[in-house]
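Enquirer: Sharing a structure below in structure tokens format, with a few things to ask.
The values are calculated or read from the model by the stated rules, or taken from the named source; none is laboratory data. Remember, it's a predicted structure, so these values are computed and weren't measured experimentally. FYI the Cβ positions are ideal-geometry reconstructions off the backbone, even for glycines, and counts take in every protein chain you see. SASA here: full protein model, heavy atoms, side chains in, ligands and nucleic acids out. Shrake-Rupley method; radii C 1.70, N 1.55, O 1.52, S 1.80 Å.
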Amino acid sequence: MEELIKRKRFAEIDLSDPFFDSLKEDYGSFSEWFRRKANEEAYVLDVDGKIHAFLYLKKETGPVEDVIPPLPDGIRLKIGTMKINPHGTRLGERFIKKAFDYAINQGISELYVTVFPKHVALIDLFKRYGFIEHGKKVSPDGVEKVFVKSFKHLTGNILLDYPIINAKGAGKYLLAIWPKYHTRLFPDSILTNESYDMIEDVSHTNSIHKMYICSMDVSPLKRGDILVIYRTKDDKGPAWYRSVATSICVVEELKSKYDFRDVNEFVDYCKTYSVFTEDELRNWYNNPRRKRVFVIKMTYNVALRKRLTMKRLVEEVGLDSKGYWGFRCLTDNQFDLIRLLGDVNEGIIVN
């Protein structure tokens, strides 16, 4: 079944759900705090009436003086509470992405979170996407570690800097995907040319990492290159109006079928983030007619808030209508026009 993250008022969330037991154990005043938040909202994932994940975000202005050392005066997003039941790595990524999307849409460039040291998996998740240990917070409940993530202090590492895209010196390409796969791989890149609220959740496939498998020659790609995802036309009209640029991704790794020892290694590498079933993946590898198979592992950084049709890509961005639309190089100027016309938040791409 499709699992949706929903924004709910605390008053609408069942505090007696066993999901909250560990939080009540960690924080003696958790129940009282929860009730005080009755009219505020949190993100909740529930399946069959049971809560599996919870995320509370709070915009803060000023210094943060209850941590050691204090955080200086500024505007931050505090990840006030984040708990995820074991559900595979993608659910953790999904909530991290939710926090990042929220911060970017609010114009906030720094996030912080406090975590008890015993929550090793959660700490590893935060560190994987660029949270740096800052200090500690001491309270009657114990000593927590404090982690800070800044969108301004870039390291040059794709994951540590995520979702910020470093466009300087990177190759830029347009990469096409068929509609039936696009919906599964990029569910929040909804097909409309109007602006929309990026923080609304659409599907459980909304992970940070994606696998794109094709037989096109994409061999020029290298780590750090930028991909503009282009959804090809559906059966509702001509490509001129129905094919659209929807999203921007960054290449993590490019592999050929011949980089794998056998089909099992290929399947193990692809299955977590691919739209294909295991049988479909085996067919990709074993099909003798497919002499050339490439796998692009990429991060899904941002959905265009305004989709660009093929018409606009030709007439306003300057792409050659007669060129090959499966995979094509973009100039720096063409990419800049796409992000401008696509209403991409200016803070997410740096040159």
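Enquirer: What number of residues within the stretch 307-351 are charged (D, E, K, R), touching a helix residue (DSSP H, G or I) at 6+ places or on another chain (Cβ under 7 Å) and either closer than 21 Å to F151 by Cα or surrounded by fewer than 20 Cβ atoms within 10 Å (Cβ to Cβ) (or both)?
Expert: 2
Enquirer: Check off (1) modelled with pLDDT of 90 or more; (2) within 30 Å of Y162 (Cα to Cα); (3) open to solvent by 10 Å² or more (accessible area, probe 1.4 Å); (4) aromatic (F, W, Y) for Y230 and give me the number that stays unchecked.
Expert: (3)
Enquirer: Out of (1) open to solvent by 10 Å² or more (accessible area, probe 1.4 Å); (2) part of a loop (DSSP other than H, G, I, E, B); (3) modelled with pLDDT of 70 or more; (4) not acidic (D, E), the odd one out for V218 is which?
Expert: Result: V218 passes all but (1).
Enquirer: Moving on. Within the stretch 67-87, can you find the residues that are farther than 26 Å from V44 by Cβ and either of a type in the set (F, W, Y) or not in a strand (DSSP E or B) (or both)?
Expert: Within the stretch 67-87, V67, P69, P70, P72, D73, G74 qualify.
Enquirer: While we're looking at this one, here's another question. Of the residues that make up the stretch 53-61, is at least one in contact (Cβ under 8 Å) with a residue 24 or more places away in the chain, within 20 Å of D141 (Cβ to Cβ), touching a strand residue (DSSP E or B) at 6+ places or on another chain (Cβ under 8 Å) and open to solvent by 20 Å² or more (accessible area, probe 1.4 Å)?
Expert: Taking every residue of the stretch 53-61 in turn, none turns out to be in contact (Cβ under 8 Å) with a residue 24 or more places away in the chain, within 20 Å of D141 (Cβ to Cβ), touching a strand residue (DSSP E or B) at 6+ places or on another chain (Cβ under 8 Å) and open to solvent by 20 Å² or more (accessible area, probe 1.4 Å).
Enquirer: I'd like to know if the stretch 29-42 contains one or more residues that are closer than 26 Å to T272 by Cβ and surrounded by 14 or more Cβ atoms within 10 Å (Cβ to Cβ).
Expert: no
Enquirer: Continuing with the same structure: Is it fair to say K180 is modelled with pLDDT under 95 and open to solvent by 70 Å² or more (accessible area, probe 1.4 Å)?
Expert: yes
Enquirer: Of all residues being under 21 Å from P72 (Cα atoms) and not in a strand (DSSP E or B) in the stretch 101-122, which is most open to solvent (accessible area, probe 1.4 Å)? Just the residue, please.
Expert: Out of the qualifying residues, it is Q106.
Enquirer: Condition first: under 18 Å from the mean Cα position of the chain (by Cα) and either loosely packed, with under 14 Cβ neighbours inside 10 Å or among the charged types (D, E, K, R) (or both). Now tell me which residues in the stretch 123-151 satisfy that.
Expert: D124, K127, R128, K149
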